[in-house]
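The values are calculated or read from the model by the stated rules, or taken from the named source; none is laboratory data. Everything numeric in this text was worked out from a predicted model, so none of it was measured. All Cβ positions, even for glycine, are placed from backbone atoms using ideal geometry, and neighbour counts span all protein chains on display.
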Amino acid sequence: MADNEKLVVSAGFLIKSADDKYLIVKPFGGSTKGWGIPKGKRDKNESIFDAAVRETYEETALHIDGNKSVEHYESEPFFHYTVDTTEGGTKKKFLKHVYVFRAYATKDIETYPFKCLTFLEDGRPEIEKYEWVSLEEAYEKVVKSQKGIFEFLINYKKTNEAGYKS
């Protein structure tokens, strides 16, 4: 990376419910305005894991590391991708690194009151909608840059169900 290039790191959680559904969110703002996992940019001097926890909390009000609706979580990312993006209205392009962690929810998650705690300049919450979907539905709905997350899991599921054949 050249000295004048900006390193952008984003992190979030893929949250799986007890009945094999995945939480996706639809933001009001942002450059894509499409469905995806709760995630966002890492703050200066913040660890990638802490950024994922904070961003998930800000977008859903769900405490990953201290909520009865989360059975357990992984503190190491299970998926990483990069995406070309632009900054705000500047048109300056850069590569963003996105780290995805996993959390597994209890049945209590079905009654969890998701709420976005961050707001856009016009006063709307950053997140417009929340939805629980299957792997296949998530793959169809999420933005192009996140399809790889669900494709990886779909392929793993198919391979695992097929068993090993020599």
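Looking across the range 122-132, just one residue is without any contact (Cβ under 8 Å) to a residue 60 or more places away in the chain and either among the polar types (S, T, N, Q) or closer than 20 Å to G34 by Cβ (or both), and that is D122. Taken together, V25, V8, V70, V83 contain a single residue that is at pLDDT 95 or above and either crowded, with 19+ Cβ neighbours inside 10 Å or hydrophobic (A, V, I, L, M, F, W, C) (or both), which is V25.
Only strands (runs of 3 or more DSSP E) whose full extent lies in the range 67-140 are considered here, and the ones with at least 3 residues that are more than 17 Å from the chain's Cα centre (by Cα) are 93-105. The set of residues in the range 103-134 that are closer than 17 Å to I64 by Cβ and either in contact with a His (Cβ under 9 Å, 6 or more places away or on another chain) or among the polar types (S, T, N, Q) (or both) comprises A103, Y104, T106, T118.
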